[in-house]
Amino acid sequence: MPPKSLPWTKSPLIVNAPMGGFAGPELAIAVTKAGGLGQIGAVTDMQALDHGLSKVAQELDRIDGLLPIGVGFLPFVTDMDQAIPVLEKHRPAVVWLFAASEFEHYATLATRVRRALPTTQIWIQVGSVAAALQVAETAKPDVLCVQGSDAGGHGFQKGAGIISLLPEVVDALAAHGHDIDVVAAGGIADGRGVAAALSLGARRGVVVGTRFLAAEETQVHPAYQKAVLASQDGGQSTIRSKLFDNLRGPNIWPVAYDGRSLISESFDDHERGTEMEEIRRKHQAALQQTNGGFGESGRKGYAAIWAGTAVGLVTKVQPAKKIVEGLQAEAKEVLLKASARL
Ligand SMILES: Cc1cc2nc3c(=O)[nH]c(=O)nc-3n(C[C@H](O)[C@H](O)[C@H](O)COP(=O)(O)O)c2cc1C
């Protein structure tokens, strides 16, 4: 059942992850038009966000006074003083927060967002039972996104896949009297994953990142997308590491986080014990190449290619609408077939 205050969405709810630099207005518009929750990933450029949200406002009607999309922020790097006026101007239906430098910050941020946008939902992504409980208690989000360690991009360095994490979070929330909607993220790339997440306790639906790297509307370098499509066997072709955050210079991410990327030449150099200075030099040089440092198809590059373990299930580029509708239809079919086997 979709959340009541997102009345345009269809069940099971499919949400595109607010992938900073990848999930722009075109993707958000297409996902929302298909009956999902489209999201824009914001990083630090609030002028670009303002521009992106203006585009959305031209394409989508407001529903209950809100733009029917979400905007994702990384509070450890986003200046919320600059973000709030942009949000007040455009009033998105959802504000998504992930990677505050301390869990306590979410409560302060939630209060600020609620003061500015009282009817906007606050969604917070976490990757452990303890974080889910603390955030539920202090920030009281409308929706908690439980992110498992299969996820592409950044996440908790210490983690578990959603198959064990999600039910434990759901039980812990219930035991502590928190009636919060939960969605799942991490390794979900087809209807089987959606069906599994629903069975594990994702009441509302799922958040999908890696699969949308192959959406027509996603802003992604062609060589990056090619590498994602060419990759198989995600447990072997991707790895979680802090190395990827050290390529451009010293890692600025909060200490609890690392990121999952395709295994690259930079990672292999790191494993061989190559000095960081030399790894960074090669990385910088590779960025000048026409392939953006992402390597040729099937070949490893020197730049991070954030992608999750489900990368092997991502085999073709499709319009976002097809991805959303396919995930919903497949999930229903899988659940019906599974229950017929009981
Ligand atoms: C390329 C990429 C970029 C991402 N960027 C962000 C981001 O800017 N903010 C955020 O909250 N999550 C980000 N994520 C993580 C997602 O929120 C989500 O947890 C993840 O994509 C789910 O796992 P999946 O990739 O296996 O679907 C990113 C993920 C990917 C793959």
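Where a number appears in this text, it was derived from the coordinates with a stated rule and is not lab data. Predicted model only: the values in this text are computed from it and were never measured. Note that we place each Cβ from the backbone using ideal geometry, even for glycine, and neighbour counts take in every protein chain shown.
Points to keep in mind about this one:
- Applying a threshold of 18 Å to the alpha-carbon distances of 10/332; 33/322; 89/321 flags 89/321 as lying beyond it.
- Part-to-part distance (alpha-carbon centres) for the range 79-136 and the range 231-281, which is given in Å: 29 Å
- Rounded to 5, percent antiparallel among DSSP beta bridges of the range 21-163: 5 percent
- Residue among 259, 235, 72 with the largest mean-square fluctuation in a Gaussian network model of the chain, springs linking Cα atoms under 10 Å: 235
- Charge dipole of the range 222-311 (Cα centre as origin; +1 on each Lys and Arg Cβ, -1 on each Asp and Glu Cβ, all else neutral): 200 debye, rounded to the nearest 20.
- Of all complete DSSP H helices in the chain, those with a Cα span along the helix axis of 18 Å or greater and a mean Kyte-Doolittle hydropathy of 1.6 or more are 162-175.
- Of 281, 62, 260, the residue with the greatest mean-square motion in the GNM of the chain, using alpha carbon springs below 10 Å, is 281.
- Sites residue 168 and residue 242, calculated FRET efficiency, Cβ-Cβ separation with R0 35 Å, nearest 0.05: 0.85
- Distant alpha-carbon pairs in the range 1-150 (separation over 25 angstrom), percent: 21 percent
- Per the Debye calculation on the range 222-311 with a single equal scatterer at every Cα and no solvent contribution, log₁₀ I(q)/I(0) for q = 0.14, 0.25 Å⁻¹ amounts to -0.45, -1.33.
- About the centre of its Cα atoms, the chain shows a dipole size close to 680 debye [charges on the beta carbon of Lys, Arg (+1) and Asp, Glu (-1) only; nearest 20 debye].
- Residue order, fewest to most surrounding Cβ atoms within 10 angstrom, among 32, 111: 111, 32
- Ratio Rg/Rh, restricted to the chain and using Cα atoms, in which Rh is the Kirkwood radius: 0.95
- Zone residues, the range 106-140, relative to residue 80, backbone N less than 11 Å from point 7 Å out along Cα-to-Cβ: 106-116, 139
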